[in-house]
Amino acid sequence: MFNLPKSQLHCYGESVYCMGGDLLSMCANGGTSLERLVSVVAWTTSTMRPLMFGVAPYNPILGETHHVSRGTLNVLLEQVSHHPPVTALHATDEKNNIEMIWCHYPVPKFRGI
């Protein structure tokens, strides 16, 4: 309970650097394209987290950054826009030859009742 992410940036970043096994490096180190595909699906599935009951992280402010490192993996997140809210992520791991560039922007939709 006390180690919950404080900001939405932390939630996005922990999907890259806080997983149990080193599933992200397995995505680049697979011998065949099928092994790499299975590794990507396993990593993507592992990033899904259950909803916390009654606890929501704070919305990041414009220009807020979050930087973490784990071994040779470096992750940098930044809130680049406020309206609409856009978050950018850049992760690199030179040892495992990984570079991830990711941008998150919600698309609000009203589907009626």
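Among the conditions (1) closer than 18 Å to HIS10 by Cα; (2) modelled with pLDDT under 85, the only one that ARG111 does not satisfy is (1). Can you find a residue in segment 63-70 that is assigned to a strand (DSSP E or B), at pLDDT 80 or above and acidic (Asp, Glu)? No. No other residue among VAL86, VAL41 is touching a His at 6+ places or on another chain (Cβ under 9 Å), modelled with pLDDT of 80 or more and either surrounded by 15 or more Cβ atoms within 10 Å (Cβ to Cβ) or not hydroxyl-bearing (Ser, Thr, Tyr) (or both) apart from VAL86. Among the residues of segment 59-79, those that are among the aliphatic types (A, V, I, L, M) and closer than 27 Å to SER25 by Cβ comprise VAL68, LEU73, VAL75, LEU76, LEU77.
The values are calculated or read from the model by the stated rules, or taken from the named source; none is laboratory data. Since the model is a prediction, treat every value here as computed from it, not as a measurement. As a convention, Cβ positions derive from the backbone with ideal geometry for all residues, glycine included, and neighbour counts pool all protein chains shown.
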